[in-house]
Structures are given as structure tokens and as C-alpha cells.
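What follows is a set of notes on a single structure, which appears directly below.
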């Protein structure tokens with residue numbers, strides 16, 4: 001028998017399958033047919049293949065942190081949480097962003113650069129890998145942990161998130177408890193898992209209260225201020241505007257503030273607003289923003305500790321971690337006092353009764 005250990009690519013070629021399929025077999029994934037699994041396992045045996053993470057890699061004291069977007073206070077909170085834990089472990093952090101708003105995966109050049117600098121591990125934030133990219137990292141023996149996954153993580157890939165559905169329920173139930181019945185929602189991208197969960201939580205709370213969701217009350221944004229402004233303008237132009245909006249990101253909520261201000265409408269007198277994240281600026285808005293606290297620092301720290309555990313060759317207690325969200329009530333929500341007085345022309349309006 002040849003003592004040389006084969007690579008995953010060589011096993012794939014010999015078995016007549018793709019590298020991702022070999023990766024699935026090696027990692028015990030169930031989504032491989034029995035015949036294909038037997039064929040791959042036979043080649044693994046004959047070619048003396050051993051799982052990459054069982055191989056010895058010299059640590060370089062470096063991890064990669066990949067964001068879908070770096071231009072937000074949200075990203076800075078995550079970075080601070082990662083850096084704090086990494087610093088204590090004498091580990092450096094290489095930060096990069098996925099370029100292009102519609103992309104969630106790093107490109108081939110990033111993977112080449114990662115291999116060249118021989119990083120010990122990868123933290124993905126609201127981003128994901130293709131099956132081929134995951135297989136290549138498996139081949140290199142580089143572990144991956146996802147923080148706030150964009151989609152359902154692949155089996156065997158650890159992740160840390162928050163209770164987004166419960167947060168959506170809590171935000172909506174708070175508005176309902178104040179007497180609001182016409183409650184709209186501005187969600188994030190529909191292809192992002194946490195965004196869908198928050199909107200689903202809103203729907204669940206509305207249904208549980210027996211409240212109908214009018215057509216046009218569910219809006220889609222991208223977590224950034226301009227879309228919060230734009231979608232609030234759309235909601236204010238409805239024949240019957242909402243009296244409250246659950247905005248699924250603090251930055252979008254501040255965009256909603258601006259749209260209301262330009263109409264001469266007051267928060268919370270004319271419109272109650274609830275955000276999501278509890279970023280620093282939420283406390284300094286006028287008025288301070290009621291929001292759902294997402295434990296970003298804790299999520300980042302937990303993800304980093306999980307990654308360091310894998311780098312050290314140790315097993316994780318669990319592959320899926322969800323940290324609790326909590327409602328933080330400030331001054332942007334109040335009971336219903338009057339119908340909002342809305343003039344359809346942007347920038348013109350009058351404040352409703354007090």
C-alpha cells in the first residue's frame with residue numbers, strides 16, 4: 001500500500017465524483033447515496049486518506065474574519081467581540097469583506113490568499129461558503145465557524161446566532177400591548193436567515209393577537225438607513241398608514257426617523273418605532289430607540305472561542321448556539337393617541353394631535 005496520503009481532489013477523481021461529495025462522505029453528511037458513499041469510502045481506504053483535521057498543522061496565530069459588509073456599526077461590534085477574545089489568545093485577526101451587496105460568498109482570490117497566509121481558522125459573519133470552498137478548507141485542515149449565518153449552515157459546520165424569531169415576537173407584542181393594531185414591519189434581505197426569522201416572529205405575534213396584516217405592510221430593506229427611509233415613505237403613503245413600525249435593524253429605524261421628521265411627524269406621538277440590534281446610536285436617537293437587543297459582542301466572542309477550540313484539535317460541546325435577545329424599552333414607543341396625519345407629498349406634513 002502506498003504510504004502517501006491522498007488529497008481530497010485525488011480521491012474525487014479516482015471515485016468519479018466531485019470534491020464536495022468526498023467532503024460530505026468524510027464529514028458524515030447524510031445527503032450522499034449509499035452506492036456513491038461505498039465507492040468513495042473504498043477509494044479513501046485504498047488511497048490511505050486521513051481526514052484533514054486529523055493532520056498536524058503548525059499554528060501561525062492568525063484567523064480570518066469575513067464580513068458581508070464592513071460599513072456599519074453592527075460590523076464594528078462584531079469585530080470588537082472577536083478581537084477581544086483573539087487578543088487574549090495571542091491570535092491576530094485578518095479582516096475582509098465580501099464585495100458586492102448581492103453576494104454572500106468570498107471569491108476565489110480570497111481563498112487563495114487564505115491558503116497563502118496559512119490562517120488557522122475562519123469566522124464567517126452573515127456570509128457563507130460554497131460547497132467547493134468548504135471542501136477546499138477541509139482539505140487544508142482549516143476549521144470554520146459562522147456567526148449570524150446567512151442561511152442554514154451545512155451539517156458539521158458550527159454556528160452562533162441569536163433568537164431572532166423570539167425577538168420579532170417580543171417587538172411586535174410590545175406594540176400590541178400599547179394598543180396598536182395597524183403595525184407594519186420593515187425586514188432585511190429575504191435571503192438572509194435572521195431577517196426571515198424576525199419577520200416570521202412579527203407574523204406570529206400578529207396572528208396570535210388576531211390582527212390582520214394589510215397588503216403593503218410587510219416591506220423589505222437591506223439593514224441600512226436609506227432603505228429604512230424609503231420603505232417608511234412607502235408606508236406613510238398607504239391609504240391607511242400604520243400607527244407603529246417594527247424595523248428589523250437599528251440603522252433602518254434611524255432612516256425611518258428621518259422620513260417621519262421630514263413629514264412633520266413625531267416619534268412616538270404620531271408613530272411608534274421598534275428597532276433591532278441595540279447599537280450604540282440607538283441610545284442617542286431623538287427620542288432614544290426602543291429596540292431588541294442582539295448580543296453582538298457575546299455572539300462574536302462565543303464564535304471566536306468555538307473556532308479556537310477547533311484549532312486546538314478539541315471537540316465542541318454543540319454545533320449550534322443561539323444566544324437570547326431581549327427587548328429594551330426606551331422612548332420611541334407609546335400608546336395609540338390619534339390617527340397619524342400624513343400628507344402624501346414628501347417633506348410636507350403636520351403633527352397629529354397631542
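Assorted remarks:
- Some residue of the range 123-134 being touching a residue at least 12 places away in the same chain (Cβ under 8 Å), assigned to a loop (DSSP other than H, G, I, E, B), closer than 30 Å to residue 244 by Cβ and out of contact with any helix residue (DSSP H, G or I) (no Cβ under 6 Å at 6 or more places or on another chain): yes
- Number of the condition not met by residue 194 [criteria: (1) over 18 Å from residue 232 (Cα atoms); (2) over 23 Å from the mean Cα position of the chain (by Cα); (3) touching a residue at least 24 places away in the same chain (Cβ under 8 Å)]: (2)
- Here residue 109 meets the list (1) more than 27 Å from residue 59 (Cβ to Cβ); (2) not in a loop (DSSP other than H, G, I, E, B); (3) not assigned by TED's automatic domain parsing to the domain that holds residue 267 almost entirely, failing just condition (1).
- Members of the range 77-88 that are surrounded by 15 or more Cβ atoms within 10 Å (Cβ to Cβ) and either touching a residue at least 24 places away in the same chain (Cβ under 8 Å) or farther than 16 Å from residue 307 by Cα (or both): 77, 78, 79, 81, 82, 85, 86
- Unique residue being modelled with pLDDT of 95 or more and assigned by TED's automatic domain parsing to the domain that holds residue 74 when the list is 301, 216, 210: 301
- Residue within the range 150-158 that is in a loop (DSSP other than H, G, I, E, B), farther than 24 Å from residue 31 by Cβ, touching a residue at least 24 places away in the same chain (Cβ under 8 Å) and in contact with a strand residue (DSSP E or B) (Cβ under 6 Å, 6 or more places away or on another chain) present: no
The values are calculated or read from the model by the stated rules, or taken from the named source; none is laboratory data. Quick caveat: nothing in here was measured; it's all calculated off a predicted structure. Positions of Cβ are backbone-derived with ideal geometry, glycine not excepted, and every protein chain shown enters the neighbour counts.
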